[in-house]
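Below is one structure; the comments refer to it alone.
The values are calculated or read from the model by the stated rules, or taken from the named source; none is laboratory data. Treat the numbers as computed from the prediction; the structure is a model and nothing was measured. Every residue, glycine as well, gets a Cβ built from its backbone with ideal geometry; the counts of neighbours run over all protein chains shown. Heavy atoms of the whole protein, side chains included, go into the accessibility calculation; ligands, DNA and RNA do not. Shrake-Rupley method; radii C 1.70, N 1.55, O 1.52, S 1.80 Å.
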Amino acid sequence: MTPVSAEVLSELAALETPSISDALDRLGIPGQCHGIMPLDRGFRMAGPAFTVKYADEYVEGGSVGDFVDDIAPGEVAVIANHGRLDVTVWGDLMTILARRNRVAGTVIDGVCRDLRRALELDYPLFARGNWMRTGKDRVRFEAARVPVHIGGVL
């Protein structure tokens with residue numbers, strides 16, 4: 001895949017979501033992640049995806065946020081947590097690190113916690129909702145930079 005220039009990303013970020021959705025539809029590209037919404041309607045972001053896949057069940061291995069320092073500035077963390085609503089995979093410490101590292105934002109097929117911190121830092125966070133129960137010792141980081149399904153989209 002050809003990298004997208006900063007200029008193109010800036011132009012994409014300026015477009016309204018329905019316009020991008022219509023263009024994807026016209027091109028026959030599935031791109032609308034069902035059930036995933038900005039947790040503040042003012043959140044906007046664009047950037048290359050840094051994908052993260054979580055295992056369904058916890059087994060000894062990587063912890064919830066082992067990947068955060070690997071996300072490059074301008075990338076979007078795209079987290080596949082199987083649409084789970086019972087445990088979170090993103091919280092305020094990850095938001096603080098991501099903002100410090102100039103990550104463009106986070107998309108979660110699941111829920112996050114500590115929404116207040118994202119709002120305070122104006123950090124774009126998209127998810128199925130927010131919930132308080134940590135994923136620590138309940139889910140496991142499986143892989144990064146692999147194909148993932150988010151809201152029904154590969």
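The table that follows gives values for the structure above.
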read-out	value
For HIS82, solvent-accessible area (1.4 Å; no DNA, RNA or ligand), Å²	90
Protein-only accessible surface order, largest first, of MET37, MET45, MET94 at 1.4 Å	MET37, MET45, MET94
Most mobile listed residue (PRO18, PRO124, PRO48) in the chain, GNM with C-alpha springs under 10 Å	PRO18
Exposure of THR134 as accessible area (Å², to 10), given a probe of 1.4 Å and all protein chains	50
Point-to-point label distance, ASP69-LEU93, nm (Cα→Cβ direction, 7 Å offset)	1.3
Whole-angstrom Cα spans of the range 108-147 along principal axes, big to small	30, 23, 16
Largest-first ordering by accessible area, 1.4 Å probe, given options LEU119, LEU85, LEU125	LEU85, LEU119, LEU125
Where labels lie 7 Å past Cα in the beta-carbon direction, separation of ASP86 and ARG100 in nm	3.3
Accessible-area order (highest first, 1.4 angstrom probe) of the listed residues TRP90, TRP131	TRP131, TRP90
Cα-Cα pairs of the chain separated by more than 23 Å (percent)	32
Probe 1.4 Å - accessible area at LEU97, Å² to nearest ten	60
Choice from GLY74, GLY135, GLY42 showing the highest fluctuation, given a GNM over the chain with Cα pairs closer than 10 Å	GLY42
GLY135 long-range amide H proximity, modeled H, under 5 Å	THR88
